[in-house]
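*Asks:* Just dropping this structure here.
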Amino acid sequence: MKDKLRILLVDDDPNIAHLVRLYLEKEGFDVTTAARGDDALTEFRRDPPALMLLDVMLPGIDGWQVLKAVRKTSSIPIIMLTAKDETFDKVLGLELGADDYITKPFDTKELVARVKAVLRRTQGPEDGKNDLISFPGLTVSLSQYEVFYEGKKVEMPPKELELLYFLASHAGQVFSRDQLLQQVWGYDFSGDSSRTVDVHVKRLREKLPECEKYGWSIHTIWSVGYKFEVKTA
């Protein structure tokens, strides 16, 4: 790793924070820690990191509030850390814009692997090739994490952009909600996948209004899933 990527680790358990920090630093990351939710937001605003590891149960303000506050201004990747293993919490984290979710107790090596996987996805291809997709009125850049619709930049959290990119790069193909969650979120999820994907599709449609006039749309295939449909002349 040529340049050290900085990770903001937010956890009020000093033992976990110390252990995770050691493993991440061993892998070449620069790690800043915070034990409170409000301190995490202060640190984030002072110097935005490349990735945030965010515990849910925190003093000050909880992880959900931190996640929502960060997502108002930034699309940096965020991995939620929590002792809870309820489907509701997983769905809530994904819907609020988390990129991944790992429950305690976790294997530290697995956590490092998840960090690297999320960074690979969010930073895009290293060679910059095959990361740009264009349709009439729409341009999606995976390496720059930018979407332009009708000539104007559209702000999107990472998972919305990645879902749009994945569907558009497989125009005409139908994907089930489980397939989309696995492909875009990068791991199997046994909870309410339909709700998570449906919410993200709804937000995409709201940000790309009247796209049908350009000959493409995110089309619902009832009882199956979705596809990026392109009308042929």
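Bear in mind these aren't lab numbers, they're just calculated from the coordinates by the rules spelled out. Keep in mind that what you see is a predicted model, and the values were worked out from it rather than measured. So basically every Cβ, Gly included, is an ideal-geometry build from the backbone, and we count neighbours across all protein chains shown.
*Asks:* Testing the spin-label approximation: label points 7 Å from Cα along Cα→Cβ at ASP198 and ASP12. State their distance in nm.
*Replies:* 3.5
*Asks:* Here's a follow-up. Can you pull out the chymotrypsin sites (Phe, Trp or Tyr not before Pro) in the range 147-233 that DSSP calls coil and that have at most 13 other Cβ atoms within 10 Å?
*Replies:* When the chymotrypsin sites (Phe, Trp or Tyr not before Pro) of the range 147-233 are filtered for loop state and at most 13 Cβ neighbours within 10 Å, TYR187, TRP222 remain.
*Asks:* Something else: What distance in nm separates the simple spin-label points at GLN65 and THR108, each placed 7 Å from Cα in the Cβ direction?
*Replies:* Calculated label separation equals 3.1 nm.
*Asks:* Here is a follow-up. Cα-Cα over 21 Å: which of LYS4/LYS26; LYS116/LYS227; LYS72/LYS202; LYS72/LYS213?
*Replies:* Violating the 21 Å Cα-Cα cut-off are LYS116/LYS227; LYS72/LYS213.
*Asks:* I need the fraction of alpha carbon pairs in the chain separated by more than 33 Å, rounded to a whole percent.
*Replies:* Result: 19 percent of Cα pairs exceed 33 Å.
*Asks:* I've got another one for you. Longest segment of the chain with no GluC sites (Glu not before Pro) in a DSSP loop having at most 10 other Cβ atoms within 10 Å?
*Replies:* 1-125
*Asks:* Within the range 144-233, report the trypsin sites (Lys or Arg not before Pro) that DSSP leaves as loop and that have at most 15 other Cβ atoms within 10 Å.
*Replies:* Answer in residue order: LYS231.
*Asks:* At 222 nm, what helix-only mean residue ellipticity would the chain give, in deg cm²/dmol to the nearest 500, using -39500 (n - 2.57) for each DSSP H run of four or more?
*Replies:* Details: 8 runs with 88 residues, N = 233.
Value at 222 nm, helices only: -11500 deg cm²/dmol.
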